[in-house]
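The values are calculated or read from the model by the stated rules, or taken from the named source; none is laboratory data. This one's a predicted model, so the numbers in the text were calculated from it and none came from an experiment. As a convention, Cβ positions derive from the backbone with ideal geometry for all residues, glycine included, and neighbour counts pool all protein chains shown. The accessibility values were calculated without ligands, DNA or RNA, using every heavy atom of the protein model including side chains. Shrake-Rupley method; radii C 1.70, N 1.55, O 1.52, S 1.80 Å.
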Amino acid sequence: MVFGCFVSFAGWLVPYYTNVYGFDLAMAGFLASCFSLPSGIIRAFGGWLSDKFGARTIMYRVLGGTLILSLALLLPKMDIYSTGKGVPAKKSGTITAVSSQSIAIDGQTYDLEKKTNKLKDAEKEFHFWPVKETWQEPIVQVGDKIAKKELLAEGKTHIYFQANVWIFASLAILLGSIWGIGKAAVYKHIPDYFPDEVGVVGGMVGVLGGLGGFCCPIIFGYLLEWTGLWSSCWILMLALSAICLIWMHRVIQKMTDKAVPQLSTDFDRTKN
């Protein structure tokens, strides 16, 4: 993940920025390089952290951070219209008046939520969280006979999420930096856990990184074709980071049980 996926996103982010945010190729390339450059610089710092706190501890933080950031980047830029809360009749009767603000049934008035067009300029404004607008539109006419609980006005909901480019770019740069630290932690694992097989394991790390850099853009393309969402690539990162985190934890547990087999038994006896 920290090698292959990093290489994949270094190239994938260029069409991502051009398609989702409409940047020209030069600006998209600049933002993509902002993702790549800090990762290379911070890698030495990742090595220092791995030496000081241990590769396993740092790798737990890297995988956990990837999980959180992938989840944050998963929500796509969207503009959704959906059915909202309508207005049902409280009793039977005949429609006596209908306007954009209210509906009357035999003298009883039902107030309607009016559309305000507050999202008209939402694209030009800054929004960190998704924003919404709700309103109600009459679906009856004067003279209609209405039964109790029959719908008088249909609810409408408009949800807009800007997926602000600068927030997205900042999170992507942070993710690239975390992966830079992860690269150092991976190499720290090799002499610690495989002291007699440094060359073989180091070669396997390089091979897996190369395979990730080759396969991930292909998978990203299929996900984009299947879902129609550019943010679908983060689904793969979310799943992959969760798998790596669980897999790593299970491996560490097995190594601990093998090294100290009586530990879990003694703990259970003490607890009882």
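Tabulated data
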| item | result |
| --- | --- |
| Residue check for T157: at pLDDT below 90 and among the polar types (S, T, N, Q) | no |
| Scan of segment 1-56 for residues that are out of contact with any helix residue (DSSP H, G or I) (no Cβ under 6 Å at 6 or more places or on another chain) and β-branched (V, I, T), ordered by number | I41 |
| Qualifying residue in segment 64-84 (condition: within 30 Å of V251 (Cβ to Cβ), open to solvent by 80 Å² or more (accessible area, probe 1.4 Å) and either in contact with a helix residue (DSSP H, G or I) (Cβ under 6 Å, 6 or more places away or on another chain) or in contact (Cβ under 8 Å) with a residue 40 or more places away in the chain (or both)) | yes |
| Wholly within segment 44-119, strands (runs of 3 or more DSSP E) carrying at least 3 residues that are over 20 Å from T134 (Cβ atoms) and not aliphatic (A, V, I, L, M) | 93-98 |
| Cross-chain or 6+ apart pairs with Cβ under 6 Å, segment 1-18 first and over 10 Å from G209 (Cβ atoms), then in a helix (DSSP H, G or I) and open to solvent by 40 Å² or more (accessible area, probe 1.4 Å) | S8/P217; W12/P217; Y16/W230 |
| Close pairs from segment 108-128: first farther than 13 Å from H158 by Cα, partner surrounded by 10 or more Cβ atoms within 10 Å (Cβ to Cβ) and at pLDDT below 85, Cβ under 6 Å, at least 6 apart | H127/Q162 |
